[in-house]
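Asks: Quick one: this structure, given as structure tokens, is what I'll be asking you about.
Read-outs: derived from the displayed coordinates by stated rules, not from any lab. Everything numeric here is computed off the predicted structure, so don't read it as measured data.
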Amino acid sequence: MIEAEIPPWANAADVEQDAKVCAKCSDNSQSSRSTSHRKGSKSAARQEGQGSGSSSSTSRSSSSSSSSSSSSDDDDDAHMESQPQEQPLASELRASGRRSAAKVVKAKRASDNTEALCAHSLTERRAGGGVEVVGWQITCAEPRHCADGKRCTKELLISVAGGVSECRRMLKAWALLGAGVVTRGEHMKPTWKQTLLNNLKDGFILPEADLDAVAAATADDLDCEVVSPFGVQLAASSSSRRRVKAKTSDVLGPAGSGVPPEIHAGMQRLAASGDLPITTLEQRSRNQRTPGTTYGTPQTLRAALQHGYIHPNLPAPRGMEWRARAGTWCLKVKGG
């Protein structure tokens with residue numbers, strides 16, 4: 001194990017306390033998952049013993065089930081469970097602004113070309129009679145998301161991602177981020193796509209080889225801590241250093257609405273020294289902590305979290321890394 005080096009602005013006691021908070025959150029999540037699984041098993045047993053019932057009752061049940069499915073799964077990917085062999089990707093085209101396309105791209109899963117990302121699986125999607133690779137589909141193996149027998153999956157067109165490498169990196173990052181959400185429904189929300197597109201544009205999604213290394217670290221235990229797939233790449237880092245040299249006092253740009261001037265000034269100093277990631281006002285605005293969400297962070301960085309200067313969707317501060325386990329994100333010392 002790499003020797004942990006606590007950054008000078010972090011407090012060892014805070015880090016240790018937050019680790020205990022994360023462990024408690026993880027234990028609670030595992031207990032909840034176990035209770036939910038037992039309830040699901042009992043419910044399935046009752047349904048099996050009830051018999052077929054009348055035709056009118058069956059019709060009403062079917063309508064209710066259909067309505068419930070429509071309201072809970074608003075992502076196109078959820079529809080793939082009932083039609084896994086062929087799925088039109090009209091939503092992908094609309095999301096990328098290609099409304100002028102005359103035809104809807106139809107793609108089939110190429111089950112003969114599936115590769116593993118730890119326990120997750122990445123499969124080609126082909127069109128044109130199975131000749132042209134138009135995208136990929138990844139199936140998440142996070143235990144909490146597959147407990148009910150349904151698939152947790154996401155697909156993406158190469159044309160939407162902007163290239164082959166970009167498409168694969170976005171999907172692999174999505175699979176790894178599953179460790180930070182509790183339910184399959186949360187992981188399959190359509191908002192994930194825009195989050196990943198934003199991070200791809202900002203240069204925060206790690207290279208594919210690094211994503212593979214993060215996944216490999218979980219090979220022996222799917223319920224272990226998973227490191228965030230976001231970091232500062234070389235090109236972005238060089239650009240950031242130039243910005244620091246150009247104007248150290250304004251490296252983060254203007255403060256967001258409601259951010260006290262003294263807080264923003266302190267974040268400016270940390271970012272200029274390389275302790276915090278350099279972010280724009282737009283990036284901080286879209287990465288605000290959701291009310292009710294708890295992240296494990298050192299006390300010295302609570303204000304940074306509150307105002308969006310740090311977030312699991314952003315690269316971690318120097319010497320630290322975001323790790324997720326059982327639906328909880330914690331900021332921990334790298335190598336610790």
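Asks: If I stretch the segment between LYS201 and ALA110 completely, what's the gain in nm (0.36 nm per residue apart, minus their alpha carbon distance), one decimal? Write down the numbers at each step before the final one.
Replies: Values: separation 91, 0.36 × 91 = 32.76 nm, distance 2.85 nm.
Answer, rounded to one decimal: 29.9 nm.
Asks: Something else: By how many nm would the segment from CYS224 to ALA119 grow when fully extended, if each residue of separation counts as 0.36 nm and the alpha-carbon distance is taken off?
Replies: Numbers: separation 105, 0.36 × 105 = 37.80 nm, distance 1.29 nm.
Stretched fully, the CYS224-ALA119 segment lengthens by 36.5 nm.
Asks: For HIS120, enumerate residues with amide H under 5 Å from its amide H, sequence gap 5+ or separate chain, H modeled in the peptide plane.
Replies: ALA141
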